[in-house]
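The structure under discussion appears below in the form of structure tokens.
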Amino acid sequence: MNISQELINKVDKEMDRAIAKWGEHDQIPDNLISAAVEELGEAAHAFNHNEGKEKAQQEIVEAIGVLVRLYDMAGVFVESPAK
């Protein structure tokens, strides 16, 4: 299964929006981990309360955007284990 270009575009747009909104706050891994958990919780809420496809998908896009930023950040903050 491939990730659709539509999803990639939505995540890119969401990442730009979040970075513009939060700026330096997004440079701390703990903050991004908390944000990812919050967004995943909002996605779960949208599913559990039948808030509709658009709401659920938007929350998932937001969660993915946070996780992508955290993934990129891991290369800076997480050391490789000794071999």
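I need the shape label for segment 1-48. Rule: rounded when a/c is under 1.5, else prolate if a/b > b/c, else oblate, with a, b, c from the alpha carbon gyration tensor. Because a/c hits 1.5 or more and a/b fails to exceed b/c, segment 1-48 counts as oblate. This structure gives Kirkwood radius over Cα pairs in Å, computed directly, and of (i) 14.9; (ii) 13.7; (iii) 12.6 that value is listed as (ii).
For segment 35-80, the set of GluC sites (Glu not before Pro) satisfying both a DSSP loop assignment and a count of at most 11 other C-beta atoms within 10 Å is given as Glu79.
From Cα pairs below 8 angstrom and at least 6 apart in sequence, can you work out the relative contact order of the chain, rounded to a whole percent? Don't skip to the end; give the middle numbers.
Values: 53 pairs, mean separation 30.7, N = 83.
With pairs under 8 Å counted, the relative contact order is 37 percent.
Computed from the coordinates by the stated procedures, all read-outs in this text should not be read as laboratory data. What you are looking at is a predicted structure, and each value in this text was computed from that prediction instead of being measured. All Cβ positions, even for glycine, are placed from backbone atoms using ideal geometry, and neighbour counts span all protein chains on display.
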